[in-house]
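These notes concern the structure reproduced below.
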Amino acid sequence: MSVFSIKLRREIKEKMDKYRDRVNWAEEVRRFIESRLRMLEAEENIKNIVKTLSQLPLESPRGSSATSVREDRDSH
């Protein structure tokens, strides 16, 4: 594991100390960071998917719809 430290205003630290018997602050911060990273990775994945999809041709070859319908009807 690695160490990550932050600076807080004294008042915030005092309030955290007041509730340290009820809150595991390190675990809270860890969970928040992990959650935020999952959200950022999901956003990045969506952007990559959109980019990939935007590079695909929007038009299908002429007659492909009729061919698909015909193949579907013939398969029954």
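The values are calculated or read from the model by the stated rules, or taken from the named source; none is laboratory data. Computed from a prediction, not measured in an experiment: that's the story for all the values here. A quick note on method: Cβ atoms are made from the backbone with ideal geometry, for glycine too, and the neighbour counts reach across all protein chains shown. Areas reflect the complete protein model, heavy atoms only, side chains present, ligands, DNA and RNA absent. Shrake-Rupley method; radii C 1.70, N 1.55, O 1.52, S 1.80 Å.
The single condition among (1) within 18 Å of the chain's Cα centre (by Cα); (2) loosely packed, with under 10 Cβ neighbours inside 10 Å that Glu27 does not satisfy is (1). Pairs meeting the criteria (first residue in region 1-18 and closer than 18 Å to Arg30 by Cβ and open to solvent by less than 100 Å² (accessible area, probe 1.4 Å), second residue part of a loop (DSSP other than H, G, I, E, B) and of a type in the set (A, V, I, L, M), beta carbons under 9 Å, at least 6 apart or on different chains) are Met16/Leu8; Met16/Val23. Each residue in region 21-76 was checked for being of a type in the set (Gly, Ala, Ser) and within 22 Å of Val3 (Cβ to Cβ), and 2 pass. Is it the case that some residue within region 50-66 is open to solvent by less than 100 Å² (accessible area, probe 1.4 Å) and charged (D, E, K, R)? For region 50-66, residues open to solvent by less than 100 Å² (accessible area, probe 1.4 Å) and charged (D, E, K, R): absent. Scan region 53-71 and tell me whether some residue there is aliphatic (A, V, I, L, M), in a helix (DSSP H, G or I) and at pLDDT 95 or above. No.
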